[in-house]
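The values are calculated or read from the model by the stated rules, or taken from the named source; none is laboratory data. This one's a predicted model, so the numbers in the text were calculated from it and none came from an experiment. Cβ sites come from the backbone with ideal geometry, for glycine too, and all protein chains shown count toward neighbours.
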Amino acid sequence: MTDNTRGALFMVLAMAAFALEDMALKAAARDIPIGQAVLMFGGAGSLVFAGLAKAQGTPAFHPAFLGKVLIIRSGFEISGRLFYALAIALTPLSSASAILQATPLVVALGAVVVFGEQVGWRRWMAIFAGFAGVLMILQPGLNSFDPLSIFAVLGMVGFAGRDLATRASPVSMSSAQLGVAGFMMLTMAGGVLLAVSGGLTAPSAASLAFVAMATIVGVFAYSALTRAMRTGEVSIVTPFRYSRLLFALVLGITVFGERPDNWTLLGGAVIVSSGLFLLARSQSAA
């Protein structure tokens, strides 16, 4: 198994876990403000990763936390979480999701500019084909966009910057230590959202259970994402982010009884095909 194959596998696993995390947080937000749900989720995740770091015999806070790369990563993490949450709250979900799926294009471009990776025209075509598949699924119309969609754009840029900074982070930092940093930023973003959206609400047993579920799968997702961005070529691994939509489709069918139309099925096929093509190209070039 090549590094690109392992990186792609970790990315797919991360996207599956993130889809479950989204489902759990959305369910929790039915009883408590979204800012409170994110705040609780971030705090719990920070504690879990701190415990994992201690179990590995390393301090929870790495000295590199105060380094330039980690400060930049933290800034992107906060902006990504904060602006995307605002986009979900203030704009149509389809518009925000469509914009977010442009993240692989921004990361691939950043890999060329920042890391000097070589991306041929075939890979670019496959990346754009995957994005076209996303548009087939979401079918965003002009009427679904409004000026507030800038929040989704800023959130997408934040996530792309975070992923690139993860790639550039010191190799001496463990995934657990990166997780502590990431979830601390998530806690801060939740605090900002809570200050904007209103005060604390007494959580129900159900909302606590959903936050706990989000924490478990979120910790796994974050660890797998970090591993993915540190394994293989960024331009090969990143497009497998598109698989998150496929897992969302499965959850929609099995949990909420949704029935995808033909455009949705066709878009999913295009996404999978583009990802497999990118992986095949990387292996043939090895």
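Numbers below:
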read-out: Single residue of the range 7-34 satisfying the filter (part of a helix (DSSP H, G or I) and over 18 Å from the mean Cα position of the chain (by Cα)) that is nearest to R244 (Cα to Cα); value: A27
read-out: Qualifying residue in the range 141-157 (condition: of a type outside the set (D, E, K, R), at pLDDT below 80 and closer than 23 Å to V270 by Cα); value: yes
read-out: Failed condition for A209, given (1) assigned to a helix (DSSP H, G or I); (2) touching a residue at least 60 places away in the same chain (Cβ under 8 Å); value: (2)
read-out: Sole exception among (1) more than 23 Å from G198 (Cα to Cα); (2) modelled with pLDDT under 85; (3) buried (at least 19 other Cβ atoms within 10 Å of the Cβ) for P63, by number; value: (3)
read-out: Flag if A181 is within 18 Å of the chain's Cα centre (by Cα), under 23 Å from G75 (Cβ atoms) and at pLDDT below 85; value: yes
read-out: Top-ranked residue of the range 171-187 - restricted to ones that are in a loop (DSSP other than H, G, I, E, B) and among the small types (G, A, S), ranked as surrounded by the fewest Cβ atoms within 10 Å (Cβ to Cβ); value: S172
read-out: Boolean, S46 is of a type in the set (S, T, N, Q), within 30 Å of A209 (Cα to Cα) and over 15 Å from the mean Cα position of the chain (by Cα); value: yes
read-out: So A27, is it in contact with a helix residue (DSSP H, G or I) (Cβ under 6 Å, 6 or more places away or on another chain), surrounded by 19 or more Cβ atoms within 10 Å (Cβ to Cβ) and not hydroxyl-bearing (S, T, Y); value: no
read-out: Residue tally, condition in a helix (DSSP H, G or I) and either more than 21 Å from F18 (Cα to Cα) or modelled with pLDDT of 80 or more (or both), over the range 255-264; value: 2
read-out: Qualifying residue in the range 249-268 (condition: in contact with a Gly (Cβ under 7 Å, 6 or more places away or on another chain), buried (at least 23 other Cβ atoms within 10 Å of the Cβ) and farther than 25 Å from M125 by Cα); value: no
read-out: Any pair with Cβ under 6 angstrom, 6 or more apart, that starts in the range 85-112 at a residue that is modelled with pLDDT under 75 and among the β-branched types (V, I, T) and ends at one that is in a helix (DSSP H, G or I) and surrounded by fewer than 21 Cβ atoms within 10 Å (Cβ to Cβ); value: T91/L148; T91/S149; I99/V153
